[in-house]
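*Asks:* Could you have a look at this structure, given as structure tokens, before my questions?
The values are calculated or read from the model by the stated rules, or taken from the named source; none is laboratory data. As the structure is a computational prediction, the values presented were derived from the model and not from experiment. Counting neighbours? That spans all protein chains shown, and the Cβs are built from the backbone with ideal geometry, glycine included.
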Amino acid sequence: MNLRKLFFLFWSCMAVGALTTTVTGAIMQWTDPSFGFLGFKVAGFNAAMMALVGTMIGAFSQMGFFAYLILNYIALSIFRKKYLWNAFQAYTTVFCIIGLGYMLFNKREILSSYLFIIVPAVLVLGTLAVCFFKVKQTNPSAFIPTAFLMFTVTFIEAWPAMSDGNANTPGIIFMFVPLFVCNAYQIMMLHRVLKNKTTESASEANTVA
């Protein structure tokens with residue numbers, strides 16, 4: 001991946017984050033007029049502020065995405081066998097599904113009663129949908145890494161919204177949706193970017209030859 005491709009992913013992901021956050025924020029504000037992100041209720045009335053927050057979420061999502069790529073590279077060199085690393089990712093993903101439900105269940109007194117079921121279930125369904133399209137466009141071996149990124153990494157990135165001081169239903173939804181969409185965008189763009197890079201390299205080699 002060259003700097004041009006990296007630059008494209010960076011700004012396009014921030015744009016996706018801005019758009020998704022603005023739409024999500026507008027819907028949250030429409031359904032709950034008292035909704036405010038991180039205590040700033042004015043953001044709910046200001047599309048520009050929502051878009052600004054979205055660019056930061058997009059940048060945060062990209063940090064998590066590239067952190068996972070680095071982790072994947074290091075883990076493969078440690079585990080040696082790819083199936084061991086995939087097994088670890090699968091186990092961790094299942095653990096995080098249970099962990100997310102348990103975490104929200106413990107906060108059911110301050111959150112919506114069924115949020116501990118709804119959020120993990122929707123996130124799992126969304127993850128499976130992204131995995132389906134990723135596998136369809138690449139190969140079956142992409143299923144577990146994609147599931148790990150879409151659920152586990154999204155869960156970790158959204159952790160601040162579920163902390164004791166900030167936990168509220170609108171805030172959790174407001175954080176999860178843009179992060180999930182940004183992560184989905186990046187994982188679905190990755191093979192396209194790498195494919196284009198491979199094609200360009202092959203074309204250059206043929207020209208030289």
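*Asks:* Mind checking which residues of the stretch 104-121 are among the small types (Gly, Ala, Ser) and either touching a strand residue (DSSP E or B) at 6+ places or on another chain (Cβ under 8 Å) or part of a loop (DSSP other than H, G, I, E, B) (or both)?
*Replies:* SER112, SER113 - these are the residues of the stretch 104-121 that are among the small types (Gly, Ala, Ser) and either touching a strand residue (DSSP E or B) at 6+ places or on another chain (Cβ under 8 Å) or part of a loop (DSSP other than H, G, I, E, B) (or both).
*Asks:* Then there is this: Which of the residues belonging to the stretch 163-200 are assigned to a helix (DSSP H, G or I), within 20 Å of MET28 (Cα to Cα) and at pLDDT below 85?
*Replies:* THR169, PRO170, GLY171
*Asks:* SER141 passes all but one of (1) among the hydroxyl-bearing types (Ser, Thr, Tyr); (2) more than 20 Å from ALA184 (Cβ to Cβ); (3) not in a loop (DSSP other than H, G, I, E, B); which number fails?
*Replies:* In the conditions (1) among the hydroxyl-bearing types (Ser, Thr, Tyr); (2) more than 20 Å from ALA184 (Cβ to Cβ); (3) not in a loop (DSSP other than H, G, I, E, B), SER141 misses (2) alone.
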